[in-house]
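Only one structure is covered here, and it is reproduced in the block below.
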Amino acid sequence: MKLMFEIRKTLSRVVFLRRVTAFFWHFCGILVSYALAFALRFDFVATETAMNAFATTAPLAALIFMSIVVGFRLYAGLWTYFSYQDCLRYLCAMGLGSVLLAVSIFVQRDFSFAQYPRSVLIIHLMVLLVWEIGGRMVVRFLKESVNGGRAGKNGSVSKKTLVIGAPDEADSVLRALGRWSQDLGEIVGLVSGARRDGTIRGVKILGDLGDLRGVLKSVEPDTIVILPPHEKPRQIKEIMDASSEEGLSCQYRIVPSVREIAGGQLSVSSLREVRIEDLLDRPEVRFDRELLTQFVTGRQVMVTGAGGSIGAELCRQVLRLAPKKLVLFERCEFALFEIDRELRRRFPEAEIIAITGDICEPADVEQAIDCAAGIDLIYHAAAYKHVHLMELNTSAAMRNNVLGTICLADVAERMGVANFIMISTDKAVNPTSMMGCSKRLAERALLERAANGTRFIAVRFGNVLGSSGSVIPIFQKQIRDGGPVTVTTKETRRYFMTIPEAVQLVMMSGVVGRDRHIMVLEMGEPVKIWDLAKRMVELSGLVPDRDIPIVFTGLRPGEKEYEELLTNDEDVVPTDYDQIAVFAKQQQALPAVDLEKLAALIEEHDRVGMRGFCREAIPEHLLDTENGGALEAPSESEPAGLRVVREELESHRASNLKEGAEISASFS
């Protein structure tokens, strides 16, 4: 048995050897079954008539049926995944072969079957089908039998897997994987809508989703495989909650594509781990690809901050639309090297120009545009974004995010760039940090410019999952290091979307937006960072606060518990696309942003002066004062909804301070 599996393993790795073996199997089957058909027809008596008929027609049978094997690609199938559809295909193919053989013999013998028993054709077809189909079924049976009974070194399975899904999907998975695999261990039970206490391929149905907690308690699985129709975010969360409440450390797997289940071409490697983005209950992004193609295809495009998370994804999606040229503009040499190498490998036909430069330096920007012989479209993703670092490096934030944006815009206008799309942030709304203020000032300074041939659009959205320096990779590293996972407060909430989703909406916003518009992306419901941390611990197969502690560190300077995309709903004008809106607030008359004054403050590194400048230029700000971090009094024009948010922030801050005082007192 061990030798047979070693042979099968070798054949599975060497395609040529596998094909040669398959051809030999078919050839032997054709001749053996043809000889056996004559033997059965003549009761195993070698008469002269039988021998002559066999000798003159056997080469014809071999030629016709081997042609059928090649024409129908019967040599290419995977025997261990032989299915009912494959049986029908073999039946049709071999039936056609028998018809062609009958016609050929009829023509060969002067349009008659003289000295040839016609029943041999029927017997041969039946025996050949047994050879072809039966051989595959035996291989599959042996594979499933061995997988179903495989155990650990001590006779017991080391890992246990529970499958949750509809009966048909569970049947397909068990048919493909068997009851045991090296990675999953033994599949010990099913949670399905089928009859309780029934079995599917020998695996017992333990109940439905309503019985899940009891099933988890009795089985205590190491891995849970989640199949349709339970792969939706809300259902995955319910399964994880049930597992966590039972104190189980589980790995969670899903099948990325329902087609893989339906097609039967499933393996253990097809089952990927549940990722945090699978838990975001967000509608699928719908966008007009034809409009995007018209906007980008054949154009000369430049992406600033091309080495960052958003910038890199912008480059990937732009190249899929076949621009004439793509300029990668990035200050960090290593980041530029990495994205340039990736894009040239993935898009070898594209014309890519990699430029190391600084958006604050007009000469660098001019060089980048000149290298492409002009630019039609700029996606401006270069920015400093880390709130607490920019509180300490205010001059850098203002120089890069405000003056750098204006420098880029000046050169773009002067050199005839038609479209300029700036990536903004939800932190620019009622900003509490200098980073948020810098992005709001950049928005204002950009959109207040006099019309001069370039269309300027700002696109505002929240956090993206997995971006460099964001909370997801930080949590992942903390979990790998054994904890603790650090969260600011229990009530901190953020908007999240995936990087590809955000970039698709940014690009679509650039198409549908009008000059000097701020576009706002629909971010769904805000997510508690505390809940996010718990989910990530659970997805790592650990139990929060038992295996990995979660600790609260408090808000850092400039941070706030709630992010906003707008001040109130009346400021939103919907577009033809549900997930994109236009910020249409009627701004009160404000003097233009005094960029010369800001530049002077930056030059002097006057942090206090820059904070004062932001208070004057951004009336809706929520910047802390210097007296202990208390929030400033609201202005008379403050919207009611915003006042509620401010009061909640003050309440939470007071509560945190009180808790801190009580803890200190308990230790003194």
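Using the Cα gyration tensor of the stretch 472-514, with a ≥ b ≥ c the square roots of its eigenvalues, what is the shape: rounded (a/c below 1.5), prolate (a/b larger than b/c) or oblate (neither)? It is oblate, given that a/c is not under 1.5 and a/b is not larger than b/c.
Our coupling estimate for the stretch 335-346, obtained by passing each phi through the Karplus curve with A = 6.51, B = -1.76, C = 1.60 and θ = phi - 60°, is 4, 5, 4, 5, 6, 5, 5, 4, 5, 5, 6, 7 Hz, Gly and Pro reported as x. Estimated at the nearest 10 Å², the accessible area of E273 is 100 Å² with a 1.4 Å probe. Spin-label pair T297-C28: with each label point 7 Å from Cα along the Cα-Cβ axis, the two points sit 5.4 nm from one another. Dividing the mean sequence gap of close Cα pairs (under 8 Å, 6+ apart) by how many residues the stretch 359-495 holds gives a relative contact order of 24 percent.
With all protein chains present and a 1.4 Å probe, how do F113, F44 order by accessible area, largest first?
F44, F113
Close amide H contacts of V582 (hydrogens built in the peptide plane, cut-off under 5 Å, sequence separation of 5 or more or a different chain): V520, V573, T575. Within the full protein context, the accessible area of D183 is estimated at about 70 Å² for a probe radius of 1.4 Å. Close amide H partners of K204, meaning residues 5 or more places away or on another chain with modelled amide H under 5 Å apart, are L190. The stretch between A363 and H388 holds 5.9 nm of extra length on full extension. This uses 0.36 nm per residue minus the Cα-Cα distance. Between S433 and any residue 5 or more places off or on another chain, the built amide H atoms are never under 5 Å apart. Pairs exceeding 30 Å between alpha-carbon atoms, taken from K160/K232; K385/K534; K204/K528; K232/K325; K427/K477; K325/K385: K204/K528; K232/K325.
Between T21 and Q476, the contour length at 0.36 nm per residue exceeds the alpha carbon distance by 159.1 nm. Taking L271, L31 and ordering them by how much accessible surface each has at a 1.4 Å probe, largest first, produces L31, L271. Heavy-atom accessible area, probed at 1.4 angstrom with all protein chains present, ranks E333, E349 as E349, E333, highest first.
Sequentially through the stretch 470-481, phi angles give Karplus couplings (6.51, -1.76, 1.60; θ = phi - 60°) of 7, 5, 5, x, 5, 4, 4, 5, 4, 5, 4, 7 Hz, Gly and Pro residues having no value and appearing as x.
Label sites at T356 and E246, each approximated as a point 7 angstrom past Cα along Cα to Cβ, lie 5.6 nm apart.
The values are calculated or read from the model by the stated rules, or taken from the named source; none is laboratory data. As the structure is a prediction and not an experimental result, all values here were calculated from the model. Cβ coordinates were reconstructed from backbone atoms using ideal geometry, including for glycine residues, and neighbour counts include every protein chain displayed. Accessible surface is based on the protein model in full, side chains and every heavy atom, while ligands, DNA and RNA are left aside. Shrake-Rupley method; radii C 1.70, N 1.55, O 1.52, S 1.80 Å.
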